[in-house]
1. Just to be sure before I move on: is PRO286 buried (at least 19 other Cβ atoms within 10 Å of the Cβ), under 30 Å from SER664 (Cβ atoms) and modelled with pLDDT under 80 in the structure I sent?
2. If I filter region 176-183 for residues that are outside any loop (DSSP other than H, G, I, E, B), at pLDDT below 80, open to solvent by 60 Å² or more (accessible area, probe 1.4 Å) and not hydrophobic (A, V, I, L, M, F, W, C), do I get at least one hit?
3. Among the listed residues GLN215, GLN229, identify the single one that is polar (S, T, N, Q), at pLDDT 90 or above and more than 32 Å from the chain's Cα centre (by Cα).
4. Taking region 560-572 as the search range and keeping residues that are open to solvent by 30 Å² or more (accessible area, probe 1.4 Å) and not polar (S, T, N, Q), which one is nearest to ILE347 (Cα to Cα)?
5. Give me the strands (runs of 3 or more DSSP E) completely within region 327-441, filtered to those with at least 3 residues that are modelled with pLDDT of 90 or more and aromatic (Phe, Trp, Tyr), ordered by residue number.
6. When you check LEU107 against the structure, is it over 18 Å from ARG179 (Cβ atoms), modelled with pLDDT of 85 or more, within 41 Å of the chain's Cα centre (by Cα) and surrounded by fewer than 18 Cβ atoms within 10 Å (Cβ to Cβ), yes or no?
7. Given the structure, is VAL473 touching a His at 6+ places or on another chain (Cβ under 7 Å) and crowded, with 19+ Cβ neighbours inside 10 Å?
8. Is it the case that region 151-174 has a residue that's surrounded by fewer than 14 Cβ atoms within 10 Å (Cβ to Cβ), at pLDDT 75 or above and of a type outside the set (Phe, Trp, Tyr)?
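The values are calculated or read from the model by the stated rules, or taken from the named source; none is laboratory data. Note that the structure is predicted; figures quoted are calculated from it, not measured. No Cβ is skipped: glycine too gets one built from the backbone with ideal geometry, and neighbour counts run over all protein chains shown. Accessible surface areas use protein heavy atoms only, side chains included; no ligands, DNA or RNA. Shrake-Rupley method; radii C 1.70, N 1.55, O 1.52, S 1.80 Å.
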Amino acid sequence: MNITIVHPQALILFLLIIPLGKYIFKDCNRIHKGLRILLIALLIFAIADLNLNLTGKGVDVIVIADRSKSMGENGSKTIDEITQLLENSKSKDDRIAIVSFGSSAVLEQGLNKLINNRGFDYSDKVNGSNLSKAIELANSLKSTNRQTRMLIISDGRYTGQNPTENEVLSQIDNEIWYRHCGQVSLNDVAAGYINLPGEVLPNSGFLIRYSVYSQNKDTAQIKLSRGKQTLTKRTVSLKAGWNTFFSRDIASNPGINEYRLEVKTKDDSNLDNNISQGLVRVITPPRVLCVSKMPKDGIIVDGLRQAGIRVDKAIANSEIFNPAKLSPYRLVILENISLKDIRRENIENLAIAVKQGIVSLLVTGGKNSFGNGGYHKSPIDELLPITMKLREEQKRGVMSLVIVADRSGSMGMKTPSGQTKMHLANTAAAECVSLLSDIDQISYIVVDSSAHTIVPLSQADDTAKLKNAILRVESMGGGIFVKTALEAAVKEIGKSKLPTRHIILFSDASDSEEQNGCINIVNKLTSQKIGLSVIGLGKPSDCDGAFLESLASAAGTPAFFTTSAGELPQIFSQEVIRVAKRGFVEEPAKSIILPDMLLLGIPLSTKPPIINGYNLTSMRKGATVMMKTTDEYKAPLIAIRQFGQSATGVITAEVDGQGRNFSSWSLTPELIVSLAKKLSSGFRNAEAKANSNIERGLATVEIEFNKTLAKKVRSKDLKLTILTPNGETPKKIKMK
């Protein structure tokens with residue numbers, strides 16, 4: 001066990017117990033007297049800052065030594081003397097490390113039980129005092145199971161980032177001691193930290209905030225430059241302490257731009273800290289990847305290229321969907337693309353890239369997109385600002401749906417997600433219930449060697465009850481008897497008199513038995529205008545794949561195959577949306593421009609177009625809708641949504657195509673370019689920008705508005721929320 005006392009002089013308070021004892025222990029019995037003695041001792045030890053190390057592992061002391069030129073020879077000698085004193089006074093289990101800093105920080109000696117006097121050479125790094133980096137390096141040496149102390153030996157000057165603004169400093173939970181030494185300065189003026197945005201777009205203006213420190217009241221000449229170009233040069237009056245100044249610049253040169261602050265005064269005792277630097281990255285215009293099946297470049301690609309934005313085109317199954325290969329792009333556009341044309345792994349890669357902030361995503365409408373294109377329940381569904389799950393008043397048409405699913409023994413196998421294939425098939429059928437209206441009809445039949453009607457044909461008005469019945473089904477029996485399945489489905493669908501009647505047959509592509517006579521049943525269904533969708537678990541090349549394809553061909557629809565049971569909810573939903581004609585609206589609809597269209601620079605007075613082709617969707621919570629239809633569905637047409645460092649957007653209208661009014665609207669090219677730029681920048685509004693800074697315990701927040709917004713905003717409209725680094729709100733806070 002190790003005991004350390006930070007303020008041993010406080011122990012003299014024990015002597016006061018003798019003269020004050022008659023008052024302290026007046027009218028006390030033995031128990032009360034003992035308790036009072038214990039409380040007094042604890043209080044004195046608390047004042048003395050008594051530390052007990054019960055681990056027996058000793059204490060780590062990390063010396064942060066200033067080796068800069070401003071310390072002089074006496075400063076270096078003081079550092080050596082202090083480290084030697086630490087060596088002489090430590091116990092056998094204590095360890096000492098030395099982090100030296102000048103223009104950069106280096107580890108002079110790692111945590112060791114003995115000081116290694118190896119004559120460390122720091123002569124090439126003395127021009128500067130980067131204390132902030134030294135604190136970061138020292139913090140990285142900490143051990144989680146040992147007590148740690150940090151000792152800064154410095155003259156108090158620094159260059160580079162203000163140490164009090166360093167996030168690492170706020171996270172350090174150990175004690176930091178400070179010993180001032182070095183040359184005596186009669187008057188010192190120093191260039192402080194330059195507050196710059198990390199990156200900006202070309203030709204965009206931004207605010208530069210910079211500070212100058214003066215030990216006394218003084219007059220100085222300051223110069224701020226970008227490269228060889230001087231931005232400002234003036235003579236200013238400085239008060240004692242930190243002085244803050246502002247300037248503006250317009251980003252022009254793509255790449256890294258270096259900013260330099262120089263300060264000069266007549267009587268400056270230290271010239272080593274009169275220059276500070278900062279960097280701004282001017283990013284190039286966004287590079288866009290457009291995935292389209294159009295043989296020629298349409299209005300999207302042409303419009304972006306005319307605006308000077310580089311656009312690359314790719315086919316749906318391109319390997320470019322790998323997150324690493326997506327990194328050169330800021331935006332991916334899926335132009336009227338069905339997800340069945342894209343491999344599942346590529347869809348997942350694209351979703352990961354959006355979630356990780358690598359790219360933003362824009363999806364445009366058409367008969368191959370959104371609900372018709374299998375977006376519902378896909379990996380990118382949850383990222384979009386709209387949902388294919390419609391409000392009750394948006395559900396069009398009336399339909400009767402019978403789902404016949406394989407529940408043979410093979411469906412009991414577990415998938416990589418840990419769920420059985422049967423459970424995922426049940427989940428897909430339950431999702432179909434969510435897409436139906438109260439007046440639609442639903443039936444769920446499972447088949448092995450015989451048919452079992454789980455849900456007889458009934459109205460889909462009690463959603464919870466229907467889903468519970470479907471989700472309880474378990475796999476059992478041998479392979480699926482397809483003829484028996486179709487006969488059971490025909491019997492159930494025959495009970496319906498609704499105008500749209502449809503059967504979904506789900507079977508194992510490697511275990512579909514009883515095939516004779518199935519084609520005749522499908523032909524009768526077709527003659528009665530009853531639709532059939534065939535979904536096979538497996539591949540077309542499996543032993544029964546060709547049979548399932550022949551059934552789909554007789555019904556006049558393509559067969560769907562998947563080797564991943566996790567895709568079943570997506571495929572089932574796509575077929576329900578397609579059959580119910582709830583995915584795409586071809587009737588002309590008027591539209592309205594909403595106030596948030598100003599984010600794209602489109603005036604609210606603009607006359608909106610008539611839309612004669614759009615995907616029926618509804619807005620997702622948290623999205624920003626800029627344009628919607630005025631028909632009975634009030635469906636979103638243009639919407640965007642912030643998603644971490646990325647953003648997603650949709651144009652649910654069919655942008656390109658013969659007779660499509662949206663493509664002939666005069667503002668469509670401008671809108672697409674503005675939307676691409678907004679999404680590429682992560683959908684960060686430019687109407688206001690906040691800059692924060694902390695100097696010596698004083699936090700300041702400055703909000704910069706554009707001219708239009710500045711005239712409207714009043715101080716009472718601003719709300720300030722203060723959070724700790726852990727995201728908590730302090731209970732007590734002093735404000736001016």
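1. On the way: buried (at least 19 other Cβ atoms within 10 Å of the Cβ): yes; under 30 Å from SER664 (Cβ atoms): yes; modelled with pLDDT under 80: yes.
So PRO286 fits the description; yes.
2. At the first step, the residues of region 176-183 found to be outside any loop (DSSP other than H, G, I, E, B) are 176-180.
Retained after the next criterion (residues that are at pLDDT below 80): none.
The answer is no, given that none of the residues of region 176-183 is outside any loop (DSSP other than H, G, I, E, B), at pLDDT below 80, open to solvent by 60 Å² or more (accessible area, probe 1.4 Å) and not hydrophobic (A, V, I, L, M, F, W, C).
3. Details: GLN215 fails: at pLDDT 90 or above.
After applying the criteria, what remains is GLN229.
4. Residues of region 560-572 that are open to solvent by 30 Å² or more (accessible area, probe 1.4 Å), as a first pass: 561, 563-564, 566-567.
Then keep just the ones that are not polar (S, T, N, Q); that gives 561, 566-567.
Details: PHE561: 16, GLY566: 13, GLU567: 11 Å.
Residue satisfying both the conditions and the ranking: GLU567.
5. Working: elements: 331-335, 360-364, 399-406.
Those strands (runs of 3 or more DSSP E) do not exist here; none qualify.
6. yes
7. On the way: touching a His at 6+ places or on another chain (Cβ under 7 Å): no; crowded, with 19+ Cβ neighbours inside 10 Å: yes.
The answer is no for VAL473.
8. Looking for residues that are surrounded by fewer than 14 Cβ atoms within 10 Å (Cβ to Cβ), at pLDDT 75 or above and of a type outside the set (Phe, Trp, Tyr), one finds none in region 151-174, hence no.
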